[in-house]
Amino acid sequence: MFRAAADNGNAEAQYTLGSLYAAGIGVVRDDAEATKWFQKAAENGSAEAQYNMGVRCAYGRGVPKDDKQAAVWFRKSAEQGLARGQLGLAAGYANGLGLPQDKAEALKWYTKAAEQGMAEAQTQVGLIYYNGEGAPTNYQAALSWLEKAAGQGNADAEFNLGAMFERDRGVAQNLPKAVEFYRLAAEHGSASALNNLASLYQHGTGVAQDQQQAMKLYTMAAEKGVFEAQNYLAGAYLTGNGVRKDEVEAAKWMQLAAAHGKAEAECNLAILYQTGTGLPQSFNDALVWYGKAAEQGFAKAQHNLGALYGNGQGTPKDFVKAYKWLLLAQKSGYRDSQQALDWLKPQMTAEQITQAQSSADEWARSHTGR
């Protein structure tokens, strides 16, 4: 029935047929076939199909990924008043996906979707007013929109309301309300809310201090991939702060934290590898992780990386590279580096020192402003 109507150009039937192929209902799931029918329906004016084509172009489902074409379809859908299309178009403007980045235009389209009751759009409008990006800062408007979204159980809105009430920014500090909103957000899947709740329990802020509950919440947040929680657990297990000291457990969490690309965590993981703390000692792995942190300008990692090159640990001795990294660390104010440079310099030729200085200068130039 649907196919006959779809073949005859009925947009609603074409959209329905596309949906069946997309979900594999009554037919074998087939993205290409779904896209074919969604596109026919979209070209025949179906706002829902236009939105679906936007999503497919944005994520490369059944068609090559194409942010510009996604924006075209989102706009067609948005201009017909479909809230999801307006949300997609707004996100394109907000993030510069297929469109020139334009925060004010993003706010315009987020607001249209928000006024139709879309909680995700209400949250975005609230955050725009809170952060003053795309519109002047307006805490009252931010609070109003976030409360609308939170009333629909939107976890991001609940989390941000918790943060507002915790930090005394835009509203009077109200720690019981902060705890209430964090709990709601956590119940609705916000890993960041779990992390913030853990911090409140750790310090006894707004709740009775409870290290056991804090560790439980930090662990839940860490298991959901929150860097701050993973980093905290690594430190807690390493030092025995609020928990039984466990170097293996510390190393496990440090590895996960370092995977986020944060320089301090990368450096700390390198130290664990270098010292064999909670992990088999590996100068090779230490060299790799110090290198990642050093490239981000983290002075301690630059110093330690220089020391590995100077001592030939995890790599053949290389005084030029050693001097380069020690010099960069010294220029960043790392106090131990000058002594290391003084030790290294007599072992090098004038040509090697010049080469190392040139290499350090080149690195500094290429990383200026990062």
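Step by step: first the residues of the stretch 99-126, then only those that are polar (S, T, N, Q) and in a helix (DSSP H, G or I), then the one that is nearest to Arg75 (Cα to Cα). Which residue is that?
First, the residues of the stretch 99-126 that are polar (S, T, N, Q): 101, 111, 116, 122-124.
Remaining after also requiring in a helix (DSSP H, G or I): 111, 122-124.
Numbers: Thr111: 15, Gln122: 19, Thr123: 21, Gln124: 18 Å.
The residue in question is Thr111.
If you go through the stretch 322-362 and pick out every residue that is aromatic (Phe, Trp, Tyr) and surrounded by fewer than 18 Cβ atoms within 10 Å (Cβ to Cβ), you end up with 1.
Taking residues in the stretch 334-363 that are small (Gly, Ala, Ser), and partners anywhere that are surrounded by fewer than 17 Cβ atoms within 10 Å (Cβ to Cβ) and in a helix (DSSP H, G or I), the pairs with Cβ atoms closer than 9 Å and at least 6 places apart or on different chains are Ser337/Lys331; Ala360/Lys331. A Cβ distance below 6 Å, combined with a sequence gap of six or more or placement on separate chains, defines the contacts here; from the stretch 23-34, residues that are within 20 Å of Lys65 (Cβ to Cβ) reach residues that are in a helix (DSSP H, G or I) and not hydroxyl-bearing (Ser, Thr, Tyr) in the pairs Ala34/Gly18; Ala34/Ala22.
One residue stands out among those in the stretch 246-256 that are in contact with a Phe, Trp or Tyr (Cβ under 6 Å, 6 or more places away or on another chain) and in a helix (DSSP H, G or I): the one that is surrounded by the most Cβ atoms within 10 Å (Cβ to Cβ), which is Ala250. When we screen His260, His303 for residues that are crowded, with 16+ Cβ neighbours inside 10 Å and either among the acidic types (Asp, Glu) or in contact with a helix residue (DSSP H, G or I) (Cβ under 6 Å, 6 or more places away or on another chain) (or both), the only hit is His303.
Looking at Ala90, Ala94, Ala58, just one residue is at negative phi and crowded, with 24+ Cβ neighbours inside 10 Å, and that residue is Ala90.
Scanning the stretch 279-296 for residues being under 21 Å from the mean Cα position of the chain (by Cα) and farther than 15 Å from Ala322 by Cα gives a total of 4.
Looking at Val243, Val179 in this structure, which one is at pLDDT 95 or above, farther than 27 Å from Met118 by Cβ and either in a helix (DSSP H, G or I) or over 19 Å from the mean Cα position of the chain (by Cα) (or both)? Break it down stepwise before answering.
Numbers: Val243 fails: at pLDDT 95 or above.
The match here is Val179.
Within the stretch 120-140, track down each residue that is within 14 Å of Asp156 (Cα to Cα) and surrounded by 21 or more Cβ atoms within 10 Å (Cβ to Cβ). Of everything in the stretch 120-140, those that are within 14 Å of Asp156 (Cα to Cα) and surrounded by 21 or more Cβ atoms within 10 Å (Cβ to Cβ) turn out to be Ala121, Gln122, Thr123, Gln124, Val125, Gly126, Ile128, Tyr130. Count of the stretch 317-340 residues, restricted to those that are farther than 20 Å from Glu295 by Cβ and aliphatic (A, V, I, L, M), is 0.
The values are calculated or read from the model by the stated rules, or taken from the named source; none is laboratory data. Please read all numbers here as calculations on a predicted model, not as lab measurements. All Cβ positions, even for glycine, are placed from backbone atoms using ideal geometry, and neighbour counts span all protein chains on display.
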